[in-house]
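Okay, so here's the structure we're looking at.
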Amino acid sequence: MTESGQRAVPEPCAVPEERATPAERVLDGLPPCRPPPEGQFTPAYRPVEVYDESGRPWPATVTGWWTSPEGAAACRLRLADARTPRWTPFDTDRIVPLVQGGT
């Protein structure tokens, strides 16, 4: 409850620590960013590896890209076993696109 007696509404991306899956804790370790305005991102499907703070790789998928007016790249990232995808700045040290083979 808030001071005004209203029921507090949790952040849409926040998952209580005791209920968070390991994948959600990895997402929580990445810097957050605000989602782009509706319809202003490019849907995508790009397999990536996300490295947690210890350097362990986690399989993931980028499902959307957005570039802010300031030129900062962000991606919507989905990890298996996480309830929802999250928007995060695209950090090439932590989010590495996987090579896709083909002929």
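Among the residues of the stretch 34-52, are any of a type in the set (K, R), at pLDDT 95 or above and surrounded by 14 or more Cβ atoms within 10 Å (Cβ to Cβ)? Yes.
E70: of a type outside the set (S, T, Y), out of contact with any Lys or Arg (no Cβ under 7 Å at 6 or more places or on another chain) and farther than 14 Å from L98 by Cα, yes or no?
The answer is yes for E70.
The residue pairs whose first member lies in the stretch 85-100 and is over 15 Å from A72 (Cα atoms), whose second member is among the hydroxyl-bearing types (S, T, Y), and whose beta carbons are closer than 6 Å, counting only pairs six or more residues apart or on different chains, are P85/T63; R94/Y51. All conditions in (1) farther than 22 Å from R19 by Cα; (2) free of Cβ contacts under 8 Å to residues at least 12 places away in the same chain hold for R56, with the sole exception of (1). A residue that is in contact with a Pro (Cβ under 7 Å, 6 or more places away or on another chain), within 18 Å of T21 (Cα to Cα) and without any contact (Cβ under 8 Å) to a residue 60 or more places away in the chain occurs nowhere in the stretch 34-46.
Of the residues making up the stretch 59-70, those that are at pLDDT 95 or above and surrounded by fewer than 18 Cβ atoms within 10 Å (Cβ to Cβ) number 4.
Would you be able to tell me the number of residues in the stretch 79-103 that are of a type in the set (K, R) and buried (at least 19 other Cβ atoms within 10 Å of the Cβ)?
Of the residues in the stretch 79-103, the ones of a type in the set (K, R) are 83, 86, 94.
Then drop every residue that is not buried (at least 19 other Cβ atoms within 10 Å of the Cβ), which leaves 86, 94.
Final tally of qualifying residues: 2.
With the stretch 17-103 as the region, which strands (runs of 3 or more DSSP E) entirely inside it contain at least 1 residues that are among the β-branched types (V, I, T)? Don't jump to the end; show me each part of the working.
On the way: elements: 42-51, 57-67, 73-79, 86-89, 95-97.
Because the criterion is at least 1 residues that are among the β-branched types (V, I, T), the strands (runs of 3 or more DSSP E) in the stretch 17-103 that meet it are 42-51, 57-67, 86-89, 95-97.
The values are calculated or read from the model by the stated rules, or taken from the named source; none is laboratory data. These numbers come from a predicted model, not from an experiment. Reconstructed Cβ throughout: ideal geometry from the backbone, glycine too, with neighbour counts over all protein chains shown.
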